[in-house]
1. Relative to the longest principal axis of the C-alpha atoms of the chain, give the angle of the C-alpha long axis of helix 171-185, reported between 0 and 90° and rounded to the nearest 10°.
2. Quick one: Karplus J couplings for the range 21-36, per residue in order, coefficients 6.51, -1.76, 1.60, θ = phi - 60°, nearest Hz, x for Gly and Pro?
3. If you take the charge dipole of the chain about its Cα centre, with +1 on Lys and Arg Cβ and -1 on Asp and Glu Cβ, which of Leu45, Cys20, Val110 is farthest toward its positive end?
4. Calculate for the chain the 222 nm mean residue ellipticity that helices alone would give, adding -39,500 (n - 2.57) per DSSP H run of length 4 or more and normalising by residue count, nearest 500 deg cm²/dmol.
5. Would you work out the relative contact order for the chain, in percent, from Cα pairs under 8 angstrom that are 6 or more residues apart?
6. How large is ³J(HN,Hα), in whole Hz, for each residue of the range 133-145 in order, when computed from phi with the Karplus curve 6.51 cos²θ - 1.76 cosθ + 1.60 and θ = phi - 60°, using x for Gly and Pro?
7. Using alpha carbons only, how many degrees (0 to 90, rounded to 10) separate the axis of helix 95-108 from the longest principal axis of the chain?
8. I need Leu18, Leu43, Leu133, Leu114 ordered by Cβ neighbour count within 10 Å, fewest first.
Amino acid sequence: MAPGGTGSCRVRGMALVLTCGLSFSGKSTLAAALSNALAGELLSLDQINEERGLHGGQGIPLEEWAATNQIAHARAGKLLAAGRHVVVDDTGSPRFIRDEWRATASAAGVPFVLVWVQISPELQRKRVLANRLGQVRPDVTDAVLEEHGASFEPPVEEVPLVIDATSTTDPETIATVLEAIKAAAVR
C-alpha cells in the first residue's frame, strides 16, 4: 500500500474478508477502504437490500434477509471464481451467517478473514444521533438498534481481527488488516 493509506495492495492469493459488528461501528468505512486497497470487490448487504427496495434500518423480515444473503453469496462465488478479492460489509451476526461466509470461501478455495469492528454503546449512540442530524446514511430506528444489539453474537471464539470503531479510517489500522489478509492468502 502506498504511504498514507492510499493506492492498492496486490495480494497474490484471493481472500474473502467479512467485516462484522454493530451498526455505526465503521464496518462500511473499513470495508470500502479494504476493497479499494486490495483492488477487490465490495459486497454490501445494505446495498443489495437497497437494490431490492428494502431499507435495513427500518427493519426487514428474516426471509428477505435470507434472500439478500443468497444474492450476496452467489455474487461472491462468481467474483472469487474470477480471481477477485471480495470484502463483505455486513453485521455478520448471528454466528451461522459467519459460518456461511466461511463455507463460501472454502468452496472457492480461498481463505476467510474475519474482521470484527467493536463499538461501545456510547459511541454508537453518539454516531446515531449525529447521523440523524446530518443524514450521512439512512437512519436505523432505535427499535432495530436495540434488537440488533441484544441479538448480536460476537465472534469471540472465532479468532477475528479486532478493530476499534474509532480507528476504521486510520492508515495504520488499514495496513494491519491488509497484512493479515496477505498472510492468510499466502498460506
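We did not get these values from a lab; they are worked out from the coordinates using the rules stated. No experiment lies behind these values; they were computed from the predicted model shown. Virtual Cβ from ideal backbone geometry, glycine too; neighbours counted across all protein chains shown.
1. 60 degrees
2. x, 6, 4, 6, 7, x, 4, 5, 4, 5, 4, 5, 5, 5, 5, 5
3. It is Val110, whose Cα lies furthest towards the positive end.
4. On the way: 7 runs with 92 residues, N = 187.
Counting only the DSSP helices, I get -15500 deg cm²/dmol.
5. 36 percent
6. Karplus values, whole Hz, x for Gly and Pro: 6, x, 6, 5, 9, x, 5, 10, 5, 4, 5, 5, 4.
7. The answer is roughly 30 degrees.
8. The order, fewest Cβ neighbours first, is Leu133, Leu114, Leu43, Leu18.
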